[in-house]
Amino acid sequence: MNILTVNLLFSTFVFWVAARIYLFPRLPGLKPQTVLLPILLLHSLRHLGLMFLAPGATYAGISPRFAYPAAFGDLLAALLAMFAILAVVRKARVARLLVWIFNVEGTVDLISAIILATVHGASAYMGPAYWIPAFWVPALLVTHYATFIILCKYWTKASKPESES
């Protein structure tokens with residue numbers, strides 16, 4: 001097991017513990033939209049994944065088979081998060097659907113990037129971008145999980161829209 005994998009696993013565990021202590025117990029008393037806005041704002045910064053394409057942010061030799069899908073998958077997740085923010089803030093009918101689309105794409109992107117990084121040995125070429133999979137990805141994974149919980153358990157089609165609560 002390489003050090004990046006250890007960092008990814010331990011950081012994910014730390015974010016998971018924080019969510020179990022501070023977020024999950026409070027979900028029943030919070031409006032889904034109230035919890036989702038900070039999560040979506042966090043994910044709107046995923047444009048930072050473009051660093052995998054920036055000379056100096058990674059070392060020469062990083063596999064483009066990892067770098068391009070990871071960078072553009074993150075950019076798409078950031079854009080989807082921004083659209084979802086607008087819909088959630090405006091209490092649009094499509095808000096829940098946009099959050100679902102963002103969450104599925106963002107989760108698939110992260111899982112795909114982890115697999116591609118492993119298959120193509122990207123950890124040796126991360127350079128200054130090392131913090132992305134060591135710190136940023138674990139936070140994103142845990143917040144994607146929290147978003148799935150909110151969508152499936154607390155913001156269902158049967159629940160009232162925020163404006164009616």
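The values are calculated or read from the model by the stated rules, or taken from the named source; none is laboratory data. Note that the structure is a prediction, hence the values are computed from the model and not measured. Cβ atoms come from the backbone with ideal geometry, glycine included; neighbour counts cover every protein chain shown.
Sub-7 Å Cβ pairs linking a first residue in segment 1-12 that is closer than 9 Å to Ala134 by Cα and free of Cβ contacts under 8 Å to residues at least 12 places away in the same chain to a second residue that is loosely packed, with under 11 Cβ neighbours inside 10 Å and among the basic types (Lys, Arg), at least 6 apart or interchain, number zero.
Among the residues of segment 125-136, the ones that are small (Gly, Ala, Ser) and buried (at least 22 other Cβ atoms within 10 Å of the Cβ) come to 1 in all.
Could we say that Ala70 is under 18 Å from Ala134 (Cα atoms) and in contact with a helix residue (DSSP H, G or I) (Cβ under 7 Å, 6 or more places away or on another chain) here? Criteria met by Ala70.
Matching residues to (1) at pLDDT 95 or above; (2) touching a Phe, Trp or Tyr at 6+ places or on another chain (Cβ under 9 Å); (3) not hydroxyl-bearing (Ser, Thr, Tyr):
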position: Ile85; (1), (2), (3): yes, no, yes
position: Arg93; (1), (2), (3): yes, no, yes
position: Leu97; (1), (2), (3): yes, no, yes
position: Tyr125; (1), (2), (3): yes, yes, no
position: Val137; (1), (2), (3): yes, no, yes
position: Leu141; (1), (2), (3): yes, yes, yes
position: Ala158; (1), (2), (3): no, no, yes
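Taking segment 137-150 on its own, how many of its residues are under 11 Å from the mean Cα position of the chain (by Cα), surrounded by 21 or more Cβ atoms within 10 Å (Cβ to Cβ) and of a type in the set (A, V, I, L, M, F, W, C)? Residues flagged as under 11 Å from the mean Cα position of the chain (by Cα), surrounded by 21 or more Cβ atoms within 10 Å (Cβ to Cβ) and of a type in the set (A, V, I, L, M, F, W, C) within segment 137-150 amount to 3.
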